[in-house]
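I'd like to ask some things about the structure below.
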Amino acid sequence: MSTAFTIFKGFVCTGILYMPGDFVQGGYGFSAITVISALFLTLYCAKLLLEVYLEVGGSLPEIGFKVYGKPGKIAVDIALFSSQFGFVCAYIYFIASQIGGEDGIIQCITTDSTDLNTCAGGLLINRWWFFLICMVIYVPLVFVRKIEFFAVTHLFGDVMILVTIIALCVYAGIEIGDRPGLDTEGVNFIQKGTWPNAIGFSVYAFEGIGVILPIYEVTERKDIYLRILVITCAIIAIVYVVFSEYCLFAYGAVTLTKPLITDSLPPQSVVTWIIKICFSLNLVFSYPLVIHPANLVLESYLFSSWPKTRKR
């Protein structure tokens, strides 16, 4: 069970909050197809990865070296570091924008505006300050070398994700209840002009490919790991599609003009603040797991001549 929670935590982060808006760009039908296709592609690659790992052993870069030599290792290092580093940059951006950005919690708390749909006039904080604040929290966390120590926090993060999804679905239900039917204006099966975006965000949605091996290495029942991975990722794909379609038809393409679904909520609502705080806390515990492969890559170059001691 802990393995499933960790896999869920490794795959589901900020991507799910972008999904409804991305379904607008891709179209409700084409976007669903790309998500399911990305699921099968991810699972197939994961299966191949585990097979190669069992055959040659080692981390992703070490596998690249054993299979294709030094060029293979460098290619894997670049791809792995770039992808994982990009994911965690999105986490910091989310925290900065939702807490201290425009219509963020701090601005809404300090505004004198009585309009529930805007927090104009409140205090805006430079997002670079949030970068520094996040680093104060994240740096001690990434010093923990064994990711299994975060098993409890992964469960907490999963709960925060589910709380956020449920709250957003409740708001979407309220939107549906406020009018006679679903909002289908601008909602198409495939959106002309912007449909290629669906391919990119569907691949990004399964952002845990880099942590498959680290999770496998700390899993007790390695014999059923692939089965757990398949079941968990299938559930994730179902959640992505159902959640995105529901929000899309509840809010409509005209309303979902901002990247994050949380930006479509009434900014001065206390419930909105709770949602943003919960998801930000989830990202605090996601960071060490997702950045772990990138750190290993960086350390392999910086400290390659150091013996594997406590000092290293």
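Treat the count of other C-beta atoms within 10 Å as a stand-in for reagent exposure and order THR257, THR232 from fewest to most. Mind showing how you got there, number by number?
Numbers: THR257 11, THR232 20.
If I rank by nearby Cβ atoms, fewest first, I get THR257, THR232.
Identify unpaired cysteines across the chain, taking unpaired to mean no other cysteine Cβ lies under 4.7 Å from the residue's Cβ.
CYS13, CYS45, CYS89, CYS134, CYS169, CYS233, CYS247, CYS278
Identify all aspartates and glutamates with a Cα-Cα distance to LYS222 below 16 Å; exclude those on the same chain that are fewer than 8 residues away in sequence.
In chain and number order, the partners are GLU51, GLU55, GLU148.
Right, next: Among MET135, MET19, MET160, whose mean-square fluctuation peaks in a Gaussian network model of the chain (Cα, cutoff 10 Å)?
MET135
A follow-up question, please. Can you give the helix-only mean residue ellipticity at 222 nm for the chain, where every DSSP H stretch with n ≥ 4 adds -39500 (n - 2.57) and the sum goes over all residues, rounded to the nearest 500 deg cm²/dmol?
-23000 deg cm²/dmol
In addition: Choose one answer from GLY58, GLY69, GLY86: the residue with the largest mean-square fluctuation in a GNM of the chain with alpha-carbon springs under 10 Å.
Comparing GLY58, GLY69, GLY86 in a Gaussian network model of the chain, the most mobile one is GLY69.
Which one of TYR240, TYR53, TYR18 has the biggest mean-square fluctuation once the chain is modelled by GNM with Cα springs under 10 Å?
Its mean-square fluctuation being the largest, the pick is TYR53.
Is the shape of the range 80-191 best called rounded, prolate or oblate, per the rule: a/c under 1.5 gives rounded, else a/b larger than b/c gives prolate, else oblate, with a ≥ b ≥ c the square roots of the Cα gyration tensor eigenvalues?
oblate
Just order 24-32, 88-96 by mean Cβ neighbour count inside 10 Å, highest at the front, would you?
So the peptides 24-32, 88-96, ranked by packing, come out 24-32, 88-96.
Ordered by residue, what ³J(HN,Hα) values in Hz, to whole numbers, does the range 198-215 give under the Karplus form 6.51 cos²θ - 1.76 cosθ + 1.60, where θ = phi - 60° and Gly and Pro are x?
4, 5, x, 6, 5, 5, 5, 4, 9, 8, x, 4, x, 9, 4, 5, x, 5
Moving on. Explain nothing, just compute: Karplus ³J(HN,Hα) = 6.51 cos²θ - 1.76 cosθ + 1.60, θ = phi - 60°, for every residue of the range 153-166 in order, whole Hz, x for Gly and Pro.
Result, ordered by residue: 5, 5, 4, 4, x, 4, 4, 5, 5, 5, 4, 4, 4, 4 Hz.
Could you please rank THR3, THR255, placing first whichever residue has the fewest other Cβ atoms within 10 Å of its Cβ?
THR255, THR3
Would you mind putting 114-126, 145-157, 297-309 in packing order, based on average other-beta-carbon counts within 10 Å, highest first?
Top to bottom by mean Cβ count within 10 Å: 145-157, 114-126, 297-309.
What does the charge count around GLU55 come to, taking other residues whose C-beta lies under 15 Å from its C-beta (Lys +1, Arg +1, Asp -1, Glu -1)? It would help to have the intermediate numbers written out before the result.
Working: positive: LYS47, LYS66, LYS222; negative: GLU51, GLU62.
Spelling it out: positives minus negatives among the neighbours equals +1.
So, one more: Report the rotationally averaged projected area of the chain based on its alpha-carbon convex hull, in square nanometres.
For the chain, averaging the hull's shadow over all directions gives 17.6 nm².
So, in nm, how far is label VAL242 from label LEU298 when the simple model puts each one 7 Å beyond its Cα toward the Cβ?
The answer from the label model is 3.8 nm.
Related question: Below 9 angstrom from the Cβ of ALA120, what's the summed charge of the other residues (Lys, Arg +1; Asp, Glu -1)?
The answer is -3.
Ranked from highest to lowest mean number of other Cβ atoms within 10 Å per residue, what is the order of the peptides 242-248, 171-177? All intermediate terms of the calculation are to be shown ahead of the outcome.
Working: 242-248: 21.4, 171-177: 15.1.
Per-residue Cβ counts within 10 Å, averaged per peptide and sorted highest first, yield 242-248, 171-177.
Every read-out reported here was derived from the displayed coordinates using simple, explicitly stated rules and does not represent laboratory data. Quick caveat, the model's predicted, so the values are computed rather than measured. Quick reminder, even Gly has a Cβ in these numbers, built from the backbone with ideal geometry, and neighbours come from all protein chains shown.
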